[in-house]
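So the structure is just underneath, and the comments pick up after that.
Readers should treat all values here as calculations from the given coordinates under stated rules, not as data from a laboratory. Predicted, not measured: the structure shown is a model, and the values here were computed from it. Heads up, the Cβs are rebuilt from the backbone with ideal geometry, glycines too, and the neighbour counts pull from every protein chain shown.
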Amino acid sequence: MYEKICVYYSMSERQERQEQEERQERQQQEETAQSDFLDILEHLEPTASVIDVRIPLMGPLDCSVLSKCNFTGITAILFAPGGITSINGIPKGVTKVICGGNKLTDIPAELPDSLVELDLHENMIGEVREGTLPTGLKDINLCDNRINSLANLPKDLEILRCENNRMKVLNLTGIVGLRILKCGSNPLLVIEGVPDTLEEFDSDTDIVVEIRGTDKGEHEEIEQKANYNEALYTFFEMKREYENRAFLSKREIFRASKTKKEARMKIKMLKPKCSYCERPVGSIFKMEGRKFIARCGDRAHPCPFHIELFGGEYSKIEHMMGEYQRTVEFTKQSIIEDKLNVLYKYLNEKDAVDFFKDNLDYYTKQSVHLESLTNEYIDLYFNPETEEKILVKRKKIADIQDKMEELIRDYRATENPEIIKDISTIYERELIPEINNLSLIRWQTREMNENPFTGQFELFQLPYRMAQLEYTFGEYPRVIHYRINR
């Protein structure tokens, strides 16, 4: 055992010495990046409009030397794959920057407002900070990086490529002209605010992707364009905030009062502030049937605050299937009875033909609805595409586990600690995301519920979302009025 520890120590010492030598060598190479760039500029005419660097550069780079060397008409800068770690000073007027296959850890600082296309694929970028991307950008390529989330993207963006990152949230709110979105190989990705202009969408993660549209703007526009789900969420959020404010006010009155009778009298006279105009007139939040209504509390001179939502007409799929099945059977029975009435001359043929046409038309319509419901039911419980995705994911997980077992066997044979690092990396970046993806595909609903008898929390899983059990048989949910002050 002691000998093995000594071996590990010597291997670790040798590894540290090797890494130190590599760092020193890399540092020496980095010192040549700026000088190599200057050498390239010496062989170019100052009137050139494109800087195309076809040799790899190593280390940080300052492009402000372009203006010092009288390169005033540059519109595009292209770098070959290499070891560039940072870029600064890209001059004004540049519309295109390509720096793929390098070692950038951040978006280049102070990009010019004229920039239209930015390609930084295959780098080491971990974060896109707010304000680093120019507002005029139309084409961004951030594939094969280490980005966790994307938000506050340029409003005029048309093409976004961000495959093979570590994103869990992609916020596209406010981007009204996006045409192409490629975001595959991002485990557990949730996309927010996808615009209607999208023409090409590519996401090969095979997981349930949630796309939530948001619509925020001026209050006058919201009145006409509010999304029902967003409006319903806002209704309950404002209701909760209003009730919390009222509760806190009542609690303060109760604490300040000398007697309970005095507190009850003051609380009865209390009028919380309106959620819109903030006058002490209160707000009205109520639910009438399938309607959700919020208004100003001043009935004589109300402010513009007005939310009115209709929740739609729903019923459970199984219940509706039973209703349509009974209707179809009853109509079929009526058709048979009419034929028998004609046969035994209880009904003349002319009336029988009219009854038959009406019953047949009604039977056809109800059968179509029943077939549609049956298809939805089958798709909900026995979806072949979902089953196929589950099989694919299970095979992927099995392949990853086989790879890890092979590495474990190699470690037992060589006792190389680097193999353990490789196993940990595969476990964290490949196996865990695939297992999470499989869970999302297999179980659409996952909740932790407390057992009222035992007090213990239990995992509750279903292969569908609860909302999928409902069927709209009448009006769909809609926004009638939506005027808020937010």
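Remarks
- Rounded if a/c under 1.5, otherwise prolate or oblate - segment 379-469, Cα gyration tensor axes: oblate
- Helix 432-442 axis, angle to the chain major axis (alpha carbon atoms, nearest 10°): 20
- Distance (nanometres) between label positions extended 7 Å along Cα→Cβ at ARG478 and THR259: 5.6
- In plain terms, the chain from GLU192 to GLU428 could stretch by 82.4 nm, reckoned as 0.36 nm per residue minus the Cα-Cα distance.
- FRET efficiency for THR135 and GLU278, using Cβ-Cβ distance with R0 set to 30 Å, rounded to 0.05: 0.30
- Once the Cα atoms are used to define both axes, helix 417-426 deviates from the longest principal axis of the chain by about 30 degrees.
- Under 14 Å from a label point set 7 Å out along the Cα-to-Cβ vector of LEU248, the amide N atoms of segment 257-281 belong to 272-273.
- Cα centre as origin, Lys/Arg/Asp/Glu Cβ charges: segment 340-421 dipole, Debye: 140
- Listed residue pairs exceeding 30 Å between alpha carbons, taken from LYS138/LYS168; LYS138/LYS389; LYS96/LYS168: LYS138/LYS389
- Under 20 Å from the SER114 label point (7 Å along Cα→beta-carbon), backbone N, segment 58-78: 62-78
- Globularity ratio of segment 220-313, using Cα Rg and 2.2 N^0.38 Å: 1.27
- Neighbour counts of C-beta atoms inside 10 Å place MET167, MET265, MET466 in the sequence MET466, MET265, MET167, starting with the fewest.
- Out-of-range pairs (alpha-carbon distance over 23 Å; input LYS239/LYS271; LYS271/LYS291; LYS182/LYS403; LYS332/LYS365; LYS260/LYS286; LYS182/LYS421): LYS271/LYS291; LYS182/LYS403; LYS260/LYS286; LYS182/LYS421
- Neighbour counts of C-beta atoms inside 10 Å place LEU78, LEU38, LEU66 in the sequence LEU38, LEU78, LEU66, starting with the fewest.
- With the highest mean first, a sort of the peptides 328-336, 121-129 on other beta-carbon atoms found within 10 angstrom per residue produces 121-129, 328-336.
- Cβ-placed point charges (K, R +1; D, E -1), dipole of the chain about Cα centre in debye, nearest 20: 3500
- The chain shape via C-alpha gyration tensor axes, a/c threshold 1.5: prolate
- Ranking of ASP156, ASP361 by count of other Cβ atoms within 10 Å, fewest first: ASP361, ASP156
- Per-residue Karplus couplings for segment 98-112, computed as 6.51 cos²θ - 1.76 cosθ + 1.60 with θ equal to phi - 60°, are listed in order as 10, 8, x, x, 10, 10, 5, 9, 9, 5, x, 6, 6, 5, x Hz, Gly and Pro entered as x.
- Taking a ≥ b ≥ c as the square roots of the eigenvalues of the Cα gyration tensor, an a/c ratio of 1.5 or more together with a/b larger than b/c marks segment 316-381 as prolate.
- Loop-located trypsin sites (Lys or Arg not before Pro) in segment 411-470 (DSSP state other than H, G, I, E, B) with a sparse environment of at most 13 neighbouring Cβ atoms within 10 Å: ARG465.
- Folded to 0 to 90 degrees: helix 2-30 orientation relative to the chain principal axis, Cα: 80
- The chain - mean residue ellipticity at 222 nm from DSSP helices (-39,500 (n - 2.57) per run, n ≥ 4, rounded to 500): -14000 deg cm²/dmol
- Segment 394-472 - charge dipole about Cα centre, Lys and Arg +1 at Cβ, Asp and Glu -1, debye rounded to 20: 260
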